[in-house]
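Notes follow once the structure below has been shown.
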Amino acid sequence: MELKDIVIQFIGTENYTLSPITDGLINTTYLLEDKDRNQKFILQKINDNVFKQPEVIVNNHLMINKLLRANDYQFQIIEPVPSLTHQLLVKDTNNQPWRMLSFVEDSMTFITAPSLQIAFEAAKTFSYFLATINTQKLPAIEDTLPNFLNFEKRITDYKNSLKNADPHLKESAKAEIEITNQFLSLPNQWIAMEKNHQIPKRIIHADVKISNILFDKNHQPLAVIDLDTMMISTILYDFGTMIQSYTNTTNEDDGSAKDNFNREMYKAVKEGFLFHLKEKLTPEEYHHLDYAAQVAIYIQEVRFLTDYLNGSVYYATKYPEHNLDRTRNQLELLKGLREYLRGE
């Protein structure tokens, strides 16, 4: 089955244009324009090497949309679009799953936050999205990425990579391993809080980078997109990864970065995150936001270092030291955050 056969199953015509969208890292995405109806859609092949149960993604998406509509959500909602045979997933001849989503006209995205104001608006938008869907009893959201937020396993995986790594790789990463080992206890409180049910379970987005918000030409938010990673976990993760993503003044591939933590961006993101959530957070959640930011950066650093020691088998790399450069970048970011929190 060729790509055109997938398209025809959704829109029933060969009179279309298809343009690749290349800023995603996991799924294969196209902008599809139906010329007969003058209508645009997002066509996407779901990477089932990452998302083992694509149908779970679709079911979660439908449940989230139901919550948004039930709670009078004011931004646009991305809708799954069924095929002509009313299927939300269509398989190609390689048994790869495809789906189609509604398209938001006159929208734009940012890869990094270009200003404090836009960072604030992005964090505020996610705050509103999370506040909206966390108003009722938790729905039956299934985990699309099992163990993704299992920090105990992340640390165990890192320790195993140390045991089994090529000696050359260990020697190259000697300084980074030493620093990483100094912080091995950093996630312990997070792990304990979850095990002891000290922080509530909530619906989280789990991929709150700024590129998952659509803005209009005036830089006002239009929609939250990419609901593939929605899961039940702690909302501290969304805040932590927002800080990990927004406050870095350099590309995360820059291993020579110095002073790459933006203090003013941290303040803007925190203010935006709390805009709709402050009254909803428990005291335990609120008081651990700064801690969560540290853990999120550290865990990402650990993941990069683990993959480097394993021979770079998970993250796409362009050169042998790529994951080690990413590790160095995150360690510098963590250093800057900790200095800021200490008032230095």
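The values are calculated or read from the model by the stated rules, or taken from the named source; none is laboratory data. Note that the structure is a prediction, hence the values are computed from the model and not measured. The area values use the complete protein model at the heavy-atom level, side chains included, leaving out ligands, DNA and RNA. Shrake-Rupley method; radii C 1.70, N 1.55, O 1.52, S 1.80 Å.
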Cross-link partners of Lys159 among lysines (Cα-Cα below 29 Å; sequence separation of 8 or more within a chain): Lys52, Lys170, Lys174, Lys195, Lys201, Lys209, Lys258, Lys318, Lys335
Between 0 and 90°, nearest 10: helix 322-341 axis offset from the chain longest Cα axis: 70 degrees
Between helix 151-164 and the chain: long-axis angle, C-alpha atoms, 0 to 90°, nearest 10: 70 degrees
Segment 153-195 and segment 307-324: distance between their alpha carbon centers, rounded to Å: 16 Å
Under Karplus coefficients 6.51, -1.76 and 1.60, residue-wise ³J(HN,Hα) of segment 301-312 in Hz, glycine/proline x: 4, 4, 5, 4, 5, 4, 5, 4, 5, 7, x, 6
Percentage of interatomic Cα-Cα distances in segment 31-155 larger than 26 Å: 37 percent
Helix axis angle, 116-133 relative to the chain longest principal axis, alpha carbon, degrees: 70 degrees
Mean ellipticity per residue at 222 nm, deg cm²/dmol - from DSSP H runs of n ≥ 4 across the chain, formula -39500 (n - 2.57): -14000 deg cm²/dmol
Residue-normalised accessible area of the chain, expressed per residue, 1.4 Å probe, Å²: 48 Å²
Anisotropy class of segment 174-232 from Cα gyration tensor, a/c 1.5 cut: oblate
Ile21 long-range amide H proximity, modeled H, under 5 Å: Thr29, Tyr30, Leu31
Inverse mean reciprocal Cα-Cα distance (Kirkwood Rh) of the chain, Å: 21.4 Å
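Restricting the count to DSSP beta bridges whose residues both fall in the chain, what percent are antiparallel, rounded to a multiple of 5?
Roughly 95 percent of the beta bridges in the chain run antiparallel, per DSSP.
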